[in-house]
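Data first, discussion second: the structure below is written as structure tokens.
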Amino acid sequence: MTANGEERAKRPPVQGAAAVTKGLRLLQAIAELGDDATIRQLQARLGLPRPTVYRLLNTLEQEHFIERNPLGGEYVLGRELLRLTHQSLARSSLQERARATLRAIGKQTGETVHLGVPFGCHMTFVDKVESPEAVRMASYIGMPVPMHSTSVGKAYLAGLDEVICEQYLAQLTLEPVTHRTCTTVNALRQELTVTRERGYAIDDEENELGIICFGQAVRGADGRVEGAISVSVPRYRLPDNGQQRILACIRSLCSDAGLV
């Protein structure tokens, strides 16, 4: 037994802590198992009855501490953990690599910049640079946003291998967020084709009325698409040449940082 294990063994049991302990052990098992974090593997790892594992999983999923991968069915750590630990945990490789780029884009454009990564069938903002303007897009780190109605989501989908992209399209619930939201798979598929050809995605008031966003898929150190960077602008503040200026800024700075 390790020193930490011996210390825990000496501590008197805390009343009512059994369920909390099981939940924490479950979170640890999900993190350790990675892509193998299925119900069967979790039950085998923890040695708990199947109904108990189901109950714990349902509770943690409802509170967004875990999420179920729609493609493979395995469980992953959720956005609430990301929100709670953002300030204290070391940033991921992509966040570290993209941070300076986000700041540079924010400085040049004067607008809000987001870094989004996929969590299940939505994107989650894992970093941002706030616009200094009084009127700006309302968002927060850890905020989940749909894939089909946002520039980060569409840029990410368009950057994927077509087989994986189609797997996502089969799982997405294309609910209207505004009256401009794309709500059919065929229409979204066509828009992704256009996005691939031009190299960037646009959310033209599809996720928030009055806000237009421009998204660029970004790649990890291994060259695979891991997320997307977007710039969000109130439409009234976008000048005639603003779109091309912002797009050129995103592309140039992301390219200089080796993110595209």
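The values are calculated or read from the model by the stated rules, or taken from the named source; none is laboratory data. Given the structure is predicted, the values throughout are model-derived calculations rather than measurements. Neighbour counts are summed over all protein chains in view; Cβ atoms, including those assigned to glycine, are modelled from backbone coordinates with ideal geometry. Keep in mind that these areas ignore ligands, DNA and RNA; they rest on the heavy atoms of the full protein, side chains included. Shrake-Rupley method; radii C 1.70, N 1.55, O 1.52, S 1.80 Å.
The mean accessible area for residues of the chain, using a 1.4 Å probe and ignoring ligands and nucleic acids, is 53 Å² per residue.
Calculated FRET efficiency, residue 256 and residue 64, Cβ-Cβ r, R0 41 Å, to nearest 0.05?
Details: r = 35 Å, r/R0 = 0.86.
Calculated value: 0.70.
How much FRET efficiency would the formula 1/(1 + (r/R0)^6) give for residue 163 and residue 32, where r is the Cβ-Cβ distance and R0 is 35 Å, rounded to 0.05?
Numbers: r = 29 Å, r/R0 = 0.82.
After rounding, the FRET efficiency stands at 0.75.
When you count the other C-beta atoms within 10 angstrom of each residue and take the mean per peptide, 101-107, 214-220 line up highest first as 214-220, 101-107. Counting only the backbone N, which residues of the stretch 46-67 are under 19 Å from the spot 7 Å out from the Cα of residue 40 toward its beta-carbon? Within reach of a label on residue 40, which here means backbone N under 19 Å from a point 7 Å along Cα→Cβ, the stretch 46-67 contributes 46-55, 57.
Relative contact order of the stretch 17-85: 30 percent, from C-alpha pairs under 8 Å at least 6 residues apart in sequence.
Summing Lys, Arg as +1 and Asp, Glu as -1, what charge do residues with Cβ under 14 Å from the Cβ of residue 46 carry, residue 46 excluded? Let's see the in-between values first.
Details: positive: 22, 25, 40, 45, 50, 55; negative: 32, 36.
With Lys, Arg at +1 and Asp, Glu at -1, the neighbours total +4.
With all protein chains in place and a 1.4 Å probe, the accessible surface of the stretch 92-257 carries 49 percent carbon and sulfur.
The calculated P(r) of the stretch 92-257, using every Cα pair and 5 Å bins from 0, goes 1, 10, 20, 25, 22, 14, 7, 1, 0 in percent.
For the stretch 17-85, with all protein chains present and a 1.4 Å probe, just round the carbon and sulfur fraction of the accessible area to a whole percent. The C+S portion of the solvent-accessible surface of the stretch 17-85 is 51 percent. The residues packed around residue 185, meaning those with a beta-carbon under 15 Å from its beta-carbon, carry a net charge of -2 if Lys and Arg are +1 and Asp and Glu are -1.
Under the criterion of Cα pairs below 8 Å and six or more residues apart, the relative contact order for the chain equals 16 percent. Looking at the square roots a ≥ b ≥ c of the eigenvalues of the Cα gyration tensor of the stretch 218-258, which shape do they give, rounded for a/c under 1.5, prolate if a/b is larger than b/c, or oblate? Cα axes put the stretch 218-258 in the prolate bin.
Shape verdict for the stretch 44-175, please, from the Cα gyration tensor: rounded (a/c under 1.5), prolate (a/b greater than b/c) or oblate.
Numbers: a/c = 2.24, a/b = 1.58, b/c = 1.42.
Prolate, because a/c is 1.5 or more and a/b exceeds b/c.
Residues with beta-carbon under 15 Å from that of residue 73, excluding residue 73: net charge, scoring Lys, Arg +1 and Asp, Glu -1? Each step should come with its number before you reach the end.
Details: positive: 40, 68; negative: 35, 36, 61, 67, 74.
Result for the neighbourhood of residue 73: -3.
In the chain, the longest principal axis of the Cα atoms and the axis of helix 50-62 are about 30 degrees apart. The length gained on full extension between residue 99 and residue 198, counted as 0.36 nm times the residue separation minus their Cα-Cα distance, comes to 33.2 nm.
Taking the chain as a Gaussian network of alpha-carbon nodes connected by springs under 10 Å, the highest mean-square fluctuation of the residues 154, 22, 128 belongs to 22.
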